[in-house]
1. Using alpha carbons only, how many angstrom separate the centre of segment 38-59 from the centre of segment 174-195?
2. Please check: in the Gaussian network model of the chain (C-alpha springs, under 10 Å), which one of N144, N281, N54 has the largest mean-square fluctuation.
3. Can you tell me which of Q103, Q66, Q164 moves the most in a GNM of the chain? Springs connect C-alpha atoms under 10 Å apart.
4. Aspartates and glutamates near K247 by alpha-carbon distance under 14 Å, same-chain residues fewer than 8 away left out - which ones?
5. Could you list T186, T47 in order of exposure, starting from the residue whose Cβ has the fewest other Cβ atoms within 10 Å?
6. Give the list, by residue number, of cysteines in the chain with no other Cys Cβ closer than 4.7 Å, or say none.
7. Just want the ordering: F127, F227, from fewest to most Cβ atoms lying within 10 Å of their own Cβ.
8. Give me D285, D225, D213 ranked fewest to most by other Cβ atoms within 10 Å of their Cβ, as a rough exposure proxy.
Amino acid sequence: MESPTSFLLTLTLAILALSLPTSSQTIQDKFYQCITLNSELSIPFSTAFSAPDNASFTALLESSAQNLRCLVSAVPKPELIFTPYTENHVQVAVTCAKDLGVQLRVRSGGHDYEGLSYISTAANEPFIVLDLSRLRAVTVDLKNNSAWAQAGATVGELYYRISQRSKTHGYAAGLCPSLGVGGHITGGAYGTMMRKYGLGADNVIDARIVVADGRILDRESMGEDLFWAIRGGGGASFGVILAWKVKLVPVPETVTVFTVPKTLEQGATQILYKWQHIADNIDDDLFVRVIIQPAKTTGKDERTSIPTLPLMKQSEEKSMMH
Ligand SMILES: Cc1cc2nc3c(=O)[nH]c(=O)nc-3n(C[C@H](O)[C@H](O)[C@H](O)COP(=O)(O)OP(=O)(O)OC[C@H]3O[C@@H](n4cnc5c(N)ncnc54)[C@H](O)[C@@H]3O)c2cc1C
């Protein structure tokens, strides 16, 4: 609940913004004014909006950004980071950005390889980052084998919430626990259970999305074409995903994980070569991934390469790979 002081501050800032002549207003002023006037709930200014002159701006911008090249000073920074508290704030942000003609970059977990959720895609165009990190609730419904996860939740949080309710339910998505549910599923979402259950996007039952005119649509109201497109076509092309409803899949209570490191000298190349020829015949309960890393050879300064094969076996009964 917002305190009376913060409400007064919000109101005062809104009145101040309104009283400025439009021409002298910055994008921040105009966006803030538009959001404040159109939101169902007033927004605490100090925590929901962060401009470059704000002390917390850099920390917030960098908080989930994974591509450090996109954070160097030569890369243009957003005019504002807006961190909505409610779904309605997202709706209003979309319509305000459209009315003001300013680019909105949507960020859930910040793991975009090219930093597309926190850089401008058009040179010298001002943009605002819509950071969904406050919208991260997860609700698990074991009776119906499903869970709703808001876009700002990480996949790690989703897995954890499921595991709190059941040791034999899971969701088939990515490996890195800090991936944002919002952006991750829009791009497919491959992970340890993909051989058995497919991608994260294959295991989505419903979604809530804010489209360009500010409406919130679910699977029924958006129709099957859009529902298909957002599961692999990149969500930001079509709107802002608010939440995904995902299907839970059965998992064994015990999972065995082991790593097999092999150097080039130990025949790593041959193993990899052979693996390519038999991989599709291996049990679906076994997930194998290869990480190729440079490493020092023992006692020498030369470097070698170590493909390590972290293997995950999903069922105790099935045979192991040799
Ligand atoms: C360290 C690391 C590990 C990874 N591991 C895996 C893996 O195991 N499996 C796998 O499949 N992929 C993996 N990826 C790739 C990752 O899934 C994609 O980059 C994914 O898009 C990240 O989603 P995000 O929400 O974290 O990122 P963000 O940077 O927030 O978003 C990514 C893209 O989606 C858009 N977007 C974000 N949120 C929304 C939303 N709510 N609505 C609409 N559009 C939105 C953004 O604008 C941006 O274009 C990995 C990436 C990294 C950096």
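Values in this text are rule-based calculations from the coordinates and carry no lab data. The structure displayed is predicted, hence computed values, not measured ones. All Cβ positions, even for glycine, are placed from backbone atoms using ideal geometry, and neighbour counts span all protein chains on display.
1. Here the two parts' Cα centres lie 29 Å apart.
2. Largest GNM mean-square fluctuation: N281.
3. Looking only at Q103, Q66, Q164, the biggest GNM fluctuation is shown by Q164.
4. D141, D202, D206
5. Lowest count first: T47, T186.
6. So, C70, C176.
7. F227, F127
8. Working: D285 18, D225 7, D213 10.
Ranked by crowding around the Cβ, least crowded first: D225, D213, D285.
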